[in-house]
Amino acid sequence: MAVTVREHEKTPLWRNAAFLKWSSQLLALAVTLGFFVILGRQAFANFSASGTTFDLDFLTDPIGVFLREGIDTEPDSSIRALAAGAMNTLRISITGIIAATILGTLIGIGRLSHNWIVNKIATFYIETIRNIPLLVQIFFWQAMVIALPSLVAADIGTYWFKGSNKGFGFAWVSWNGGFWPWIVFLGAGIIAGGFVSRWRHRVQEETGKPSHPGYWAGGTLAVFAVVGWFAWPLLSFVEPILHGIASFIDAVPAIVVPIVLAAAALLGAAWWIRNFFESRRTPAGFGKLTDDDWFRVIFAGVAGVIGAGLAFLVSGVTIATVSGEVLTVAELVRLGIGNFFDWLGNGFAADGGQPLNFTKASVVQKGNFAQYGDTGAVMTVPFFAVWFAVTLYTAAFIAEIVRGGILAVSKGQTEAAQAVGLKRSQFLRLIILPQAFRIILPPIGNQYLNLFKNTSLGIGVAYAEIVAVGSTILNQTGQTLPIVLIWMAFFLTGSLMISGVVNYYNRKMKLVER
Amino acid sequence: MTGNGDVAATGHTLGGPMIVSDGVKKWFGDFQALKDVTATVREREVVVVIGPSGSGKSTWIRCINRLEAHQEGTIIVDGVELTNDIKHIEKIRSEVGMVFQQFNLFPHLTVLDNITLAPQWVRKLPKAEAEESGMELLERVGIPEQASKYPGQLSGGQQQRVAIARSLAMKPKIMLFDEPTSALDPEMIKEVLDVMKELALSGMTMIVVTHEMGFAKEVADRVLFFDYGTIVEAGTPEHFFTNPQHDRTKLFLSQIL
Amino acid sequence: MTTKIELPEIPEMAPEPPPHGPRVWLRENLFSTPVSGVLSIVTILVALAAYRGVLAFIFAPDRRWEAVTYNARLLMIQAYPNEQMTRIWLSVAIVVVLLAASVAVYRIGGRTTPRKVGIGLMSLGSFIVLGGIIGPWGIALSPFGIESMRGFLAWVIMGAVLVIGGHLLRTIPGERAKDPSIPILGVVLVAIFVVLTVLWTVLLPQPVFDEAGVQTQTMEPIAMTTRLPWTLIAILGIVVYFVMWFLRDRIPVGPTRKTLLGLWVASFPVIVLVILRDPDMDYGRVLTWYLPVALGFIVIGGLILNFVAGGRGEIGRVIGAALLILAFASFAFPMEFLIRFLLLSLAMFALAAPTFGGKGAGRVAFLSIWAGWAGLLTFFLALLTAPSTVEVASSSFLGGLLLTIVLSVVAIALSLPLGIILALARTSKMPIFRLMATTYIEVVRGVPLITWLIVAFIMLPVALPPGVEIGGVARAMGAMTFFSAAYLAENVRGGLQAIPKGQYEASEAMGLTTSQATVFIVLPQALRAVIPALVGQVIALFKDTSLVTIVGLFDFLHIARLVIPSQTQPFNFLGVLREPLLFAAVVYWMFTFTFSRISQRMEKKLGVGER
């Protein structure tokens, strides 16, 4: 049959959907990049006008920053100060997440309680705490603690718990050199416990008799812990091996680092393109790749090449270390990996001392003043203010999530569980909690992220976390951009890790649905 | 290949080719949904497409107004080839009406606003004019009294009739129906089919994907049987239902009738 | 044919009332199981101790609440000059009038039952009585400046009156107690009346100086200088409500609501930029520069737009793209910002013209929107570049609670459009847009707000060309806007993803372009579905404004935490920290709690996505 085509001229460029789509995107990209280039050039111009050189050397220059608490209170360089600040951030984040989860779960359950007074108190808590800005709460708790009496000579002695305007001292355990080898024993105990538990489960399934897998697993762990407590020096044979690895890494030529990174970038791009072609492959071949598809392939390839180039470019940049040596980034990375294995090896030295030590808090005379001593643990005022406020605040949100999650498990589930004769404790454990947990997990993960980021409010009460330390360094050196990039790298990594863990569990728990 | 010469089952004279599909192929990832679909639909012709689910019949009519882009072959609608040219796509979209299985009415707009939206913004009619012809269309599908209600307040059959009126408001030359009665309760199917029959009698070019064999026998000029992404058999309804040639067709008809 | 069935008579059985009374209530709600009983007792003891602790804290003799009352104005508006206070009151009056009119026109407020009001009064009363009983003895309980015993009696009597009144209301005989007969607005009216009475009658100790310059205390009304304006404004609001209540059935609803909405939108920039900022306009320059430029753009731009909208789709696109490139290029060359912004707007309008230009009345509407936008843009730029006549000691005329409110409103108003654009980009089919939007959203959300504020305050000045300066308040506004946009984008994305695929297909099949489908079909549905989440974001943003104190802006919290505790003149409030902080917490709480209640009611009303 003859077909008449009225308009069959060549499609002009400005009517081609694929061209319009990609040209508009590229224009937007160009405008955005142009905007940053203009800002950046101006910043460089202003920097050089004010005499600030722009490099990473400042990170290793000596600096006069003192931290009130943390792994290193008098750091010799900016990079160490930032590391100490990062550790302080993590300290509050991890302890806060644990405390907020426990408190939030309790309050969330209380909010569902049939007990009138418990219910009302839980509601009151949530409505009060989550409607007041966190910063106000941090300031308030700080104000409350610094209104406590100060330590005086009469207070000297040891305490289980002691509060003052310097913070709280309390009895606590501390770890020694033997701790890390002992942890290895504990890790082995957990793995062994897992096996034992699985074995007991199998026994139960085969014989039908209750075989207490939980008790068995716990017992195994306890055995490992007790044995490890005394046997940890046996692991000291690991020390020379780790040192050996470290010296091997030091001997590898530095050029290997960029080669490995560049190869990873190129292989990644190639892998992506290969998978892309595979997904488009049909028995008829690749003939049906659209314009879009080709653009994607080209972009992936260009990205890979740029990544590889960057690896070599960045590896060649030289940085001066604290000791005054000038190293390239590649050498620095190699040094870092080597030092890590050295540090790991030192942890297994046989002369570390008993794994854990339990001590009470003490108040001692330091100079003219009474101060907390080195025993036990001391919670400083800034730490307490940030930790306490952040925990209470996040707990209020977690409570609402827990409540919502439990309510979302339908009433029918409860009735069905009761109808098949499960006891209340059983149906909570077997029916309600697993289902509620799946609903609760993603929003709780968000709250963990919020808590992690909210620790940065510590800057308001001079808690030495990474933002506070960073802004001090920034004021001293004028190196704004690197510090901001370090903050971003730190928080983005932390966020990615938390959401990674949450996503992993989320995938694992997901209902199999059609 | 065409039906009874040049006269349609509805009594109209068939015109020139309206839709030409030549060697059309389409993949979703690895899965080939269309394998070399070649067919021609003439002006004022009513074509019913049947076939098992997943046979590519819906994909084919979605390619005709470029809801899906085909990857190989040629589709020419009313003399305009479907390519990446946005001018062509705009033209086709305003000339080809489509009715969906799930109605897809806009829940936040009243029935009348649903109908007048596209004429106002695509055909650029003044609002009053669009509303006037919208009311006429609602009368044509038999529910003028529902004009100011929201879609959620209507029954399924009424919603589908609104959807048909909405497509007609663009004054299309071709109407595509993608299983228009599959989501309806049995008692509502008839009211929708009646509207479709009236439309066919008025001389509209139509492609209808459906399982309503009664409709096919009564109105269709031709029946296309799709299986495994291609047209296995085509013919006039009486020929097709009484004397199917292909084994697959026989099997399918024995299960469905 | 019917057969009659005789039923045996049964003795009449009145329905038994369900068991009730305090003992039943206690058994069911507090002591249902032994564990529950123990839990109840422990919780009650803890709660009582906490209540007593709070009372002891508030009424401790060494509490210096006068630090708050004396500095009330500082907390609210910081150092806004005394001579220009009328500007503040005018702004408050505008907001109150609009609020009253909206309540009337939108018919906000239902009815409640005497029973509910009674129960509310009873619980309030019992709290007060309880406070009188367990309150900390041995210290002055001095809400009225009365010593402990009389204070105790005052508490108990006041509480008892409330309890008895509530009980009488609750037990009105018959069904009337459960009839929704009390209008909620009536309750609000009573509350306003009570507050005004308190303002005029209740006395608080205020520090003053006698002739010899020695500090003493006298009893003064709570709001000595502000009670008259507050009363007048309250009366004005009530009058406006009743006027609108009378008019609302006599004027068309649609246009009235639209006008009111427009007034709300317009009121804010007018209040901040015109009334509060009081710009010193250079009218010569307005006549010789702003007006001609704006008119030129409106006329020439209008002609271009009219041409582009005239169905010439392809040429229109080319012209729009050319204008856009021209507008971007204008940023690379020295030029007045007005021209750059107008060019950029014209390019955007030209790109929209082929799809949204309309015909006939639609075209007129489109062109008037262009004229209005160009005019407004010029007007605001002229306002912003004129120096403010308000003489304040600090860098900005905004401060205190006023700054907090302005910051939140500006950030929300600006971040909503930005967030919508980001959400659309993130869900679009175009990979580079998606990549850019995703990068932006994840980077901004991944890092805490405080770092962005620090970036805005330390890094931005470094990156700006010499001569360009952005004030501290504007920098904070910018940082909060860009931060909040990323979160809003995620909320909106949730709404976009909830829209069924069929909606897109139907709009495509009808021939709507992607942008038309987005504006008419997708966004209205998506935004409606995410309103509760958006209100939640507003609350979060309001709380987050407190962070600007860390970068040194004089917001509400800054004054409560740093300014008041460092005052030595005229009164020594050095180190008085807990009182203003607690006050700040209560004020923040009142705002956010109100918002969250509104959000909950909206959520119920909307039925989340259901019509």
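The values are calculated or read from the model by the stated rules, or taken from the named source; none is laboratory data. Keep in mind it's a predicted model, so treat the numbers as computed, not measured. All Cβ positions, even for glycine, are placed from backbone atoms using ideal geometry, and neighbour counts span all protein chains on display.
A few notes on this one:
- Condition check for B:Ser55: touching a residue at least 12 places away in the same chain (Cβ under 8 Å), closer than 16 Å to B:Glu233 by Cα and away from chain A (no Cβ under 12 Å): yes
- Across segment C:357-398, the number of residues qualifying as on the phi > 0 side of the Ramachandran plot and buried (at least 16 other Cβ atoms within 10 Å of the Cβ) comes to 1.
- Any hit, segment B:82-89, residues being closer than 17 Å to B:Leu34 by Cα, assigned to a strand (DSSP E or B) and within 12 Å of chain A (Cβ to nearest Cβ): no
- Total residues in segment B:201-215, condition touching a residue at least 60 places away in the same chain (Cβ under 8 Å), assigned to a loop (DSSP other than H, G, I, E, B) and more than 17 Å from B:Gln102 (Cα to Cα): 2
- Filter result (surrounded by 15 or more Cβ atoms within 10 Å (Cβ to Cβ) and in a helix (DSSP H, G or I)) within segment A:265-282: A:Ala265, A:Leu266, A:Gly268, A:Ala269, A:Trp272, A:Ile273, A:Phe276, A:Arg280
- Filter pass, A:Ala84 being assigned to a helix (DSSP H, G or I) and at pLDDT below 95: yes
- Residues of segment A:131-158 satisfying the condition of being more than 9 Å from chain C (Cβ to nearest Cβ) and part of a helix (DSSP H, G or I): A:Ile138, A:Trp141, A:Val145, A:Ala153, A:Ala154, A:Asp155
- Of all residues in segment C:548-587 being under 22 Å from the mean Cα position of the chain (by Cα) and outside any helix (DSSP H, G or I), the one that is farthest from the other protein chains (Cβ to nearest Cβ): C:Phe554
- Qualifying residue in segment C:342-350 (condition: at the interface with another protein chain (Cβ under 9 Å from one of its Cβ atoms) and under 30 Å from C:Ser507 (Cβ atoms)): no
- Selection status of C:Arg277, closer than 30 Å to C:Val208 by Cβ and touching a strand residue (DSSP E or B) at 6+ places or on another chain (Cβ under 8 Å): no
- Here A:Thr128, A:Thr95 are screened, and the one residue that is in contact with a helix residue (DSSP H, G or I) (Cβ under 9 Å, 6 or more places away or on another chain), away from every other protein chain (no Cβ under 12 Å) and of a type in the set (Val, Ile, Thr) is A:Thr95.
- One residue alone among A:Gln447, A:Gln435 is away from chain C (no Cβ under 14 Å), under 25 Å from A:Ile398 (Cα atoms) and not hydrophobic (A, V, I, L, M, F, W, C), and that residue is A:Gln435.
- Selection status of A:Thr89, in a helix (DSSP H, G or I), within 14 Å of chain C (Cβ to nearest Cβ), touching a residue at least 24 places away in the same chain (Cβ under 8 Å) and under 31 Å from the mean Cα position of the chain (by Cα): yes
- In segment A:185-203, the residues that are over 30 Å from A:Ser236 (Cβ atoms) and touching a Phe, Trp or Tyr at 6+ places or on another chain (Cβ under 6 Å): A:Arg200
- Test for B:Gln101: is it on the phi < 0 side of the Ramachandran plot and either of a type in the set (Phe, Trp, Tyr) or in contact (Cβ under 8 Å) with a residue 60 or more places away in the chain (or both): yes
- Criterion (crowded, with 16+ Cβ neighbours inside 10 Å and either at pLDDT 80 or above or not basic (Lys, Arg) (or both)) met by exactly one of A:Gly51, A:Gly104, A:Gly40, A:Gly34: A:Gly104
- Of all residues making up segment B:92-126, the number that are of a type in the set (D, E, K, R) and either within 7 Å of another protein chain (Cβ to nearest Cβ) or assigned to a strand (DSSP E or B) (or both): 2
- Residues within segment B:171-188 that are under 16 Å from the mean Cα position of the chain (by Cα) and in a helix (DSSP H, G or I), tallied: 0
- Residue match in segment A:351-360 (condition: more than 30 Å from A:Pro62 (Cβ to Cβ), part of a strand (DSSP E or B) and aromatic (Phe, Trp, Tyr)): yes
- Which numbered condition C:Val208 fails, given (1) surrounded by 12 or more Cβ atoms within 10 Å (Cβ to Cβ); (2) free of Cβ contacts under 8 Å to residues at least 40 places away in the same chain; (3) outside any helix (DSSP H, G or I); (4) under 35 Å from the mean Cα position of the chain (by Cα): (4)
- Scope segment C:455-513; condition over 24 Å from A:Ile473 (Cα atoms), part of a helix (DSSP H, G or I), of a type in the set (A, V, I, L, M, F, W, C) and facing another protein chain (nearest Cβ under 10 Å); matching residues: C:Ala506, C:Ala509
- Only residues that are farther than 17 Å from B:Met206 by Cα, more than 9 Å from every other protein chain (Cβ to nearest Cβ) and either crowded, with 20+ Cβ neighbours inside 10 Å or touching a residue at least 12 places away in the same chain (Cβ under 8 Å) (or both) were counted in segment B:11-34, giving 4.
- Subset of segment B:125-143 (residues that are out of contact with any Ser or Thr (no Cβ under 6 Å at 6 or more places or on another chain) and touching a residue at least 12 places away in the same chain (Cβ under 8 Å)): B:Ser133, B:Met135, B:Leu137, B:Leu138, B:Arg140, B:Val141, B:Gly142, B:Ile143
- In segment A:363-471, counting only helices (runs of 4 or more DSSP H) that sit wholly within it, the ones holding 3 or more residues that are farther than 30 Å from C:Trp452 by Cα, over 29 Å from the mean Cα position of the chain (by Cα) and among the hydrophobic types (A, V, I, L, M, F, W, C) span A:411-419.
- The residue that is nearest to the other protein chains (Cβ to nearest Cβ), among those in segment A:478-511 that are surrounded by fewer than 14 Cβ atoms within 10 Å (Cβ to Cβ) and outside any helix (DSSP H, G or I), is A:Lys510.
- Helices (runs of 4 or more DSSP H) lying entirely in segment C:317-434 (those with 2 or more residues that are in contact (Cβ under 8 Å) with a residue 60 or more places away in the chain and of a type in the set (Gly, Ala, Ser)): C:361-385, C:400-427
- When segment B:133-169 is filtered for residues that are over 19 Å from B:Leu201 (Cα atoms) and assigned to a loop (DSSP other than H, G, I, E, B), the ones remaining, listed by number, are B:Ile143, B:Ala147, B:Ser148, B:Lys149, B:Tyr150, B:Leu154, B:Ser155.
- Options A:Ala217, A:Ala225; residue that is under 24 Å from A:Pro355 (Cβ atoms) and in contact with a Ser or Thr (Cβ under 8 Å, 6 or more places away or on another chain): A:Ala217
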